[in-house]
Amino acid sequence: MKRVIKSIYIFALTVFIFSCSKDDNITDVNKNLEEATSVQSSVSAKPFVESNEELDVKINLTNPDFMKNLSDTEIAKLKAAVYRFYSTVYVKDSNYYTSLVSAAEINISEDLFKLFQDNLDHMNQNINKLKTKEGKEDKVTVQQVTPEYLDSLLK
């Protein structure tokens, strides 16, 4: 049975969520993906990260219970896809960027690539909205992708 671990894994999308005085802009998609990467699995993501296998996990992020339908192997593949994508993400001028142009570069499905890219775009939009609010520009902190976060996905 899959169990959600309390805050052991920091999901990439949560790691990237900036902090500012009471304004949290986490979306339902972010919450569902955070849950996906915090679920403990009996299968490690590490072999999937190290292999050249194309990673594709069919997920329905509009369904809050979608994790119940994923096998341990699918959870590990999802974590590996997050690892592959977010290991290329960097911060520049308080926004998130990736050097990737296509899913083929990291051998993940187009659907996952689009999901991750859309999330980066959404986070950057939220960052820019916060920066333009009166008095908020200097209070927006954008977190880097850390090796600790990436390593947490491999367990």
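Any residue at all in the stretch 4-11 that's surrounded by 19 or more Cβ atoms within 10 Å (Cβ to Cβ), within 26 Å of Lys131 (Cα to Cα) and modelled with pLDDT under 90? Yes, some residue in the stretch 4-11 is surrounded by 19 or more Cβ atoms within 10 Å (Cβ to Cβ), within 26 Å of Lys131 (Cα to Cα) and modelled with pLDDT under 90. Looking at this structure, is Lys92 within 18 Å of His122 (Cβ to Cβ) and charged (D, E, K, R)? So Lys92 fits the description; yes.
Take Gln117 and tell me if it is without any contact (Cβ under 8 Å) to a residue 12 or more places away in the chain and not in a loop (DSSP other than H, G, I, E, B).
Values: without any contact (Cβ under 8 Å) to a residue 12 or more places away in the chain: no; not in a loop (DSSP other than H, G, I, E, B): yes.
No, not satisfied.
Please pick out the residue among Val82, Val91 that is over 22 Å from Lys46 (Cα atoms) and aliphatic (A, V, I, L, M). Selected residue: Val91, the only one of Val82, Val91 that is over 22 Å from Lys46 (Cα atoms) and aliphatic (A, V, I, L, M). Sub-6 Å Cβ pairs linking a first residue in the stretch 86-107 that is under 24 Å from Leu154 (Cβ atoms) to a second residue that is surrounded by 14 or more Cβ atoms within 10 Å (Cβ to Cβ) and among the small types (Gly, Ala, Ser), at least 6 apart or interchain, are Tyr86/Ala12, ordered by first then second residue.
Asp111 passes every criterion in (1) more than 26 Å from Val43 (Cα to Cα); (2) loosely packed, with under 15 Cβ neighbours inside 10 Å apart from (1).
Restricting Val91, Val101, Val57 to residues that are in a strand (DSSP E or B) and not aromatic (Phe, Trp, Tyr) narrows the list to Val91. Which one of Asp72, Asp151, Asp121, Asp111 is acidic (Asp, Glu), within 15 Å of the chain's Cα centre (by Cα) and closer than 17 Å to Ser38 by Cα? Criteria check complete, one pass: Asp151.
The values are calculated or read from the model by the stated rules, or taken from the named source; none is laboratory data. Since we're looking at a predicted model, the values are computed, not measured. Glycine also receives a Cβ, built like all others from the backbone with ideal geometry; neighbour counts cover every protein chain displayed.
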